[in-house]
Every structure is written in structure tokens, then in C-alpha cells.
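See below for the structure under consideration.
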Amino acid sequence: MSSTYHLPNGTAADGPYDLVVTPESAGWGYSGLRTLTLRPGEAHALSTGDSEFLVLPLAGGCTVTVDGQVFGLGGRTGVFDSVTDFAYLPPASEALISGAAGGTFALPSARTRRSRHLAARYGRAADVPVELRGAGACSRQVNNYCLPGTFDAEQLLVCEVLTPGGNWSSYPPHKHDEARRDEQGRPVESELEEIYYFQVAGEGGFAYQRVYGTEARPLDVLAEVRSGDAVLIPHGWHGPSVAAPGYDLYYLNVMAGPGQDRAWLICDDPAHGWVRSTWESQDVDARLPFGAEETA
């Protein structure tokens, strides 16, 4: 089953894109992701259609022209170096992405059926909340680009997770595959499809991603992932994401679903949720945050 949900680097390329995941190719309804590499001086025209997009530099910068506006994205040297500025593109837009110096760009997307759309906007790197989550061997860094409370969108949720070599992230395993409320009627879980896109630092670097289903909806994925790979999570528990010792791990999370309240509510696997309580007695990994030496 892993081959259905694990997309090794290059196996989902199409035209100018190094990776293309659409709702149709994934077999679901909302989440999408493309990655685009531009050589110096190249430009790419993007029609957003029925989806909203981000233009998120992974390496390098670009200029985004959309709806009569021009956004200059300074970008970054690489995903482990810093957060980046980005651009938001609404549905029914025609955008031009041009890179004088070239670069690689993630284009996460979410299909939306709303009749009124948000405007194209620029997201400043300085406004991206950077969170250190977990502790000890579960320490990781989360860059919260486009989440409820950090940046407004219609359906799209986007963050980055950076994990030092030897650590585990997306742990304890969790899921968000059904809209569920507790006995008091409070929402406790939201329905979201998710894409993981990976980069691993170091030549030959690798990591592991686990996804497993429930008894009612079985799923079984254990993928060795490398730079440029993606893993699709239509449902079920996901985690851990295991960074091999010596190789720092990055992944981009793209989520969207049918809920109109754009909530990100997760449920831990009850067999492993107790691990969270152990973090109180441990320190956060001193290697975090990434890029701290350069910016100190």
C-alpha cells in the first residue's frame, strides 16, 4: 500500500513541476501541492482555478505578479536557514512567478467552494510564528505560515516542521480525519487531508514516515523518504516522522478539508498520547531553532 501514498522524488513530476499532487491524483477533495524549479531568468504562469495557493520559496526568491499587484519575495537560501516571506493567491487568479536568480518554490493549494474570495496578499517572514514543540528526542521546530490565527485563508493550512537528526516528530501519532465533538458538543477533531513534502539535509540523507489506519479504515504505510519525496495522508494516524541520526529533516505540511470553520483539531493515538506528559521533565533540544547561530 505504500506505493499508493508514498511518492518518491520524480515519480509525480508533470510538465514544469517537480511534484504535482492534485485532489484528483490523490483521490480526495481539497488538498494539493506542486513544487517548481525556475532557472535564472525563467518565469511561470499559474492559473489558480478553483483553488487558493501560496507561493512559498524553498530556496531562492522570486517576484509574484497577481491581480494587478507585484510581490517581491526575498526568499531564503534553504529550508534549514530561516523562515521566508510568501504570497497568497486567491482562486480564479492568473499569476506570474519569475525568478531573476532562479530557485525552488512550493505551491501548496486548497480547493474552495466559497463564492466570495480573499484578496491576494503578501506574507512577511517577520510575521511567521516559530514554535519549538516537544522536548528531548521529540523536540522539533514548527514554522506556522498559514494556520488559523496566523494568516487568513479559506480552506488552506500550511506549516513547516524541522527536526534535528536523531529526533522524532509528528509524535505521538495523531489523526484528523473526522469532524467530531465531545459530550458537551465542543469540537475535538476536524476532517483534513494532508500532504507531507520532505527535504533531508546531507548527501544520502533519509528519514522514515509512518501512517496507519483504524480498524474501520485500515491503512499501512512505512516509507523511507528522501529529499523531494511526498507522502499522502487521506486518513488515519500519522507519525512518527523519524530523522535518522546525522541528517536533519524538513517537511512541509499542507492540509485542507470540507469544514468551513478552517479548524486544525487533532486526536492523539490513545496508546501513545501519554508521551506528551514526559516532556515536562525534559529540555528542548539545544540545536533548535534552526538558523539561530546566523541570526544571533
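The values are calculated or read from the model by the stated rules, or taken from the named source; none is laboratory data. If you're wondering where the values come from, they're calculated on a predicted model, not measured in any experiment. Backbone-built Cβ (ideal geometry, glycine too); neighbour counts: all protein chains shown. Heads up: the accessible areas ignore ligands, DNA and RNA and are worked out on the full protein's heavy atoms, side chains in. Shrake-Rupley method; radii C 1.70, N 1.55, O 1.52, S 1.80 Å.
For segment 1-27, list residues with backbone N below 19 Å from a point placed 7 Å from the Cα of Glu224 toward its Cβ?
In segment 1-27, the label zone of Glu224 (backbone N under 19 Å from the point 7 Å along Cα→Cβ) covers 1-11.
Picking from Val64, Gly166, Gly257, whose Cα lies most toward the positive end of the charge dipole for the chain (charges on Cβ: Lys, Arg +1; Asp, Glu -1)?
Value computed over the given set: Val64.
Using the basic label-point model (7 angstrom from Cα toward the beta carbon), what is the Tyr208 to Ser25 distance in nanometres?
2.8
In deg cm²/dmol and to the nearest 500, what is the mean residue ellipticity at 222 nm of the chain if only DSSP H runs of at least 4 residues count, each as -39500 (n - 2.57), divided by the residue total?
-500 deg cm²/dmol
How far apart, in nm, are two points set 7 Å out from the Cα along the Cα-to-Cβ line at Ala119 and at Glu280?
About 4.7 nm separates the two model spin labels.
Only Cα pairs under 8 Å and at least 6 apart count here; give the relative contact order of the chain as a rounded whole percent.
Taking the mean separation of contacting Cα pairs over the length of the chain, I get 20 percent.
For segment 1-140, rounded, prolate or oblate, judged on the Cα gyration tensor with a ≥ b ≥ c (square roots of eigenvalues), a/c < 1.5 rounded, else prolate if a/b > b/c?
rounded
Cα centroid distance between segment 76-146 and segment 31-70, in Å?
11
Can you pull the one-decimal nm distance between simple spin-label points at Asp182 and Asp81, each 7 Å off the Cα toward Cβ?
My value for the distance between the label points is 4.5 nm.
Between (1) 18.3, 58; (2) 23.8, 76; (3) 21.0, 72, which entry matches Rg and Dmax of the Cα atoms in Å as derived from the coordinates of this structure?
(1)
Quick one: dipole size for the chain, taken about the Cα centre, charges +1 on Lys/Arg Cβ and -1 on Asp/Glu Cβ, in debye to the nearest 20.
300
Among Glu52, Glu215, what's the order by accessible area (1.4 angstrom probe), most exposed first?
Sorted descending by solvent-accessible area, the residues read Glu215, Glu52.
For segment 79-219, what class follows from the C-alpha gyration tensor (a ≥ b ≥ c being the square roots of its eigenvalues): rounded when a/c is under 1.5, otherwise prolate if a/b is larger than b/c, else oblate?
Oblate.
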